[in-house]
Structure formats: C-alpha cells, structure tokens
1. Hey, does region A:159-170 have a residue that's surrounded by 24 or more Cβ atoms within 10 Å (Cβ to Cβ) and within 12 Å of another protein chain (Cβ to nearest Cβ)?
2. Do we find a residue being in contact with an Asp or Glu (Cβ under 8 Å, 6 or more places away or on another chain), open to solvent by 10 Å² or more (accessible area, probe 1.4 Å) and closer than 22 Å to residue A:101 by Cα anywhere in region B:81-92?
3. Would you please list the contacts, defined by Cβ atoms under 8 Å and residues six or more apart or on different chains, that run from a residue in region A:69-81 that is without any contact (Cβ under 8 Å) to a residue 12 or more places away in the chain to a residue that is among the charged types (D, E, K, R)?
4. Do the conditions hold for residue B:160, that is, is it within 18 Å of residue B:16 (Cα to Cα) and assigned to a helix (DSSP H, G or I)?
5. Filtering region A:184-200 down to residues that are without any contact (Cβ under 8 Å) to a residue 12 or more places away in the chain and under 17 Å from the mean Cα position of the chain (by Cα), which residue is nearest to residue A:17 (Cα to Cα)?
6. Could you list all residues from region A:1-11 that are crowded, with 18+ Cβ neighbours inside 10 Å and not in a loop (DSSP other than H, G, I, E, B)?
7. Can you tell me which residue is nearest to residue A:94 (Cα to Cα) among those in region A:12-34 that are open to solvent by 10 Å² or more (accessible area, probe 1.4 Å) and hydroxyl-bearing (Ser, Thr, Tyr)?
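The values are calculated or read from the model by the stated rules, or taken from the named source; none is laboratory data. Every value quoted in this text rests on a predicted model; they were computed, and no experiment measured them. Cβ atoms come from the backbone with ideal geometry, glycine included; neighbour counts cover every protein chain shown. For the accessible areas, the whole protein counts, side chains as well, though only heavy atoms, and no ligand, DNA or RNA atoms are used. Shrake-Rupley method; radii C 1.70, N 1.55, O 1.52, S 1.80 Å.
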Protein chains: 2
Amino acid sequence: MILYDFLPSGNCYKIRLLLARLGLRYTRRDVDILKRESRTPEFLALNPNGRVPVLVLDDGTALAESNAILWYLADTNSLLPDSPLDRARTLQWMFFEQYSHEPNVAVARFWLTEQPEMTEDQRRALPNRQQQGRDAIGLMERHLADQPFFVGDRFGLADIALFAYTHVAPEGGIELDPFPHVRAWIDRVAAQPGHVAITDAP
Amino acid sequence: MILYDFLPSGNCYKIRLLLARLGLRYTRRDVDILKRESRTPEFLALNPNGRVPVLVLDDGTALAESNAILWYLADTNSLLPDSPLDRARTLQWMFFEQYSHEPNVAVARFWLTEQPEMTEDQRRALPNRQQQGRDAIGLMERHLADQPFFVGDRFGLADIALFAYTHVAPEGGIELDPFPHVRAWIDRVAAQPGHVAITDAP
C-alpha cells in the first residue's frame, strides 16, 4: 500500500497510527500541501478533492477521507466493534470529529504553526475557532469522566480519530489543563501497543 | 423510535428519507433550533453536542450525527454494500459531505432562508461559502458523468447523504444549471420507491 502523507497533518497521522498498530507495511509518499502538491493533476487523479491522506491499495484503488480509510483498514482487519450499535457510536464520534472538532482544533493549529503569517481574516476568526475547539474538547471531557475510551470500554477507531488533533491542541493555542480526563485518556492511548508519535515517519 | 427533527434541516431529512424507504414507523418530535430548543438541558441529555437529528431507539439509546444514524439503520436493515471497499467508498462520500459540502451548501441556505437577517460576518463570508459549495457540487458532477449513483452503480447511503442538501442548493444561491449530471441524478434519486420530499412530515 502507498500512503500519500503530510507529516504534520493529524488526518494523515490517524492512518500511520492504525497501520503501525496493525503492523502493516506501506510506502510513504510525502505530499507538501504548503507547496500545493495536493493540487497537481497527478494528485487530483487520486483524490479530486485535493486533500491528504490518500491510501492506494495493492490493486491500485485510491481511498480518501481519513476516517473512511480508518474504517476500511479496521473492516478488513477484524477491528470493528461487534455490535451495530457500537459501530454506529464509533461513527458518531468520527463524524463529530470531522464536523465539530477538526475544523476548529486542527485549523487553529494549522494557522499558528504551518504558515509564515496569518491573514487578516484568519486573525479575526482565530479566537472563535479556539473557543469552538475548547467546546468540542469539553464535550469529550464529560464523556470520558466515567469511561476509559470513547466506545464500549475498548480502545478503537473513535479514539484514533479524536487523538490525532486533540493531543496537539496546545499547538493551536488550546491548552489541555482544564481537561484532566482528556489528558488521562491521551496517556492511555499513547500507552497502547504499537503506538507511534505524530512526528515518526516509518 | 423517536426522531428529534427540524423539518427544514437536510441532516434531519436524510433520516426521514431512509426511514420512509425502509417503511419503518417512528414518532417525530419537532425541535425548533431557531428557538434554541436543541440547547435545552433535556435535549443536551440526548445529544451533548446540541444538534439535530437525534434518533432514540426502542431501548432508549440516543444516536446523533445524521450519517452515523443512516449507517445504523442501513447496518440493521441489510442495506450496506457487500464489500469492504464499497462500504469505505460510501463513508468516503459521507465524510466528504460533512466536511466539504454541508458547511458550504447547507450553511449558505441556512443563512439565506432560516434567519430574518444575516449578520455582517455572514454577509462577508457568504460568497466564499457559495463558491466552495459550487466546488463540492462540481466534484460530484464529474463523478456522476459516467455512473448513475455514487457507489457501485446502486442507490445507497452516499446518495441519501448527498441528496439532502444538494437538491435545495439553489435556496442558498447555488444554482444547479451548470451541473446537468447532478440534476439527472437528483431526478433518479427522487424516482426511487418510497421517496418523500424534504417538506413532507409523516
């Protein structure tokens, strides 16, 4: 398999994390989104939406959308929850991540760390994104108050999807001190067998 | 089952559409999000994220996130694609819908139709949201150029998820004239057995 990957991206990191956990071998291809390498004709042929990650399977099929790729890898490696309800709850958290969490927590981090300078529009929008990011992490905090992982008391896909940007939220100016349950969960995820850091390229 | 529902919401409409197609009976509870009825303590106990739709199952379990609810209903009614790859492709389109389509197409429509007046920030942001909405629908147009539905030549969940806001995109100032394949697909979806309109409350 070939992973089209941008190392600082949490969405790409999700895939590296699950592949490492599964012990699957793959080739990594760097796509520098800051140099618009995700908007070349070659890349758009893989994902017309012009976003990383893309995972190209052994038969040449290209899959996009980080959480759909996670699902495929779990589905084909017997890692999905056994019950329809726990599968739906997993997806509930994964859609929450892409709609209510990532556009705030990841975007604040991107603006602050990946760009030489913020635009005027970004500067104006940043405090609101950070606050919505804190709201999303606050919701996670309340959920984790009485359970170790997001679904069914077991480490799973929802944890991987939410871990990717939550553990680096402070890089976007969203401190985690007010969220002790989230911090304890971050430690539990990082202690899972096969864990790799976001900065680790295999 | 009980559907907590806001009639103009495309996200809620997705669930009404699939329930109608499956012929499943349910009770509809109106939640007027403009009156902040989705932020009451009672509603937040069902979905701490304060969003409709929520589907409460017969055992009292509450499920949120429109596309996760669709998945649950399809999973428990033998409507998911047979292959892991087609399941992943279905999710790829559903995550595309929530990340690249809904925040533009649905939000432009919401600003223009559900509010007495736009704020200054919304007025400034509207043209960009409409353009990103056109980009998302343009991507759908190219995909539909040589296939009748989004995944595996069969009507499925990805079609339901994308139909909900695409067919009312003009209400948000995004005209569909430049997208003939999308318009033909809209007609094919509307011709499916059990179809209901967004304005139909059972």
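1. Yes, the conditions are met somewhere in region A:159-170.
2. yes
3. Qualifying pairs under 8 Å: A:75/B:87.
4. Answer is yes for this residue.
5. Residue satisfying both the conditions and the ranking: A:197.
6. A:3, A:4, A:5, A:10, A:11
7. Within region A:12-34, the match that is nearest to residue A:94 (Cα to Cα) is A:26.
For every residue, the table says whether it meets (1) assigned by the TED database to the domain that holds residue B:159; (2) touching a Leu at 6+ places or on another chain (Cβ under 8 Å).
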position	(1), (2)
B:52	no, no
B:57	no, yes
B:68	no, yes
B:108	yes, yes
B:125	yes, no
B:128	yes, no
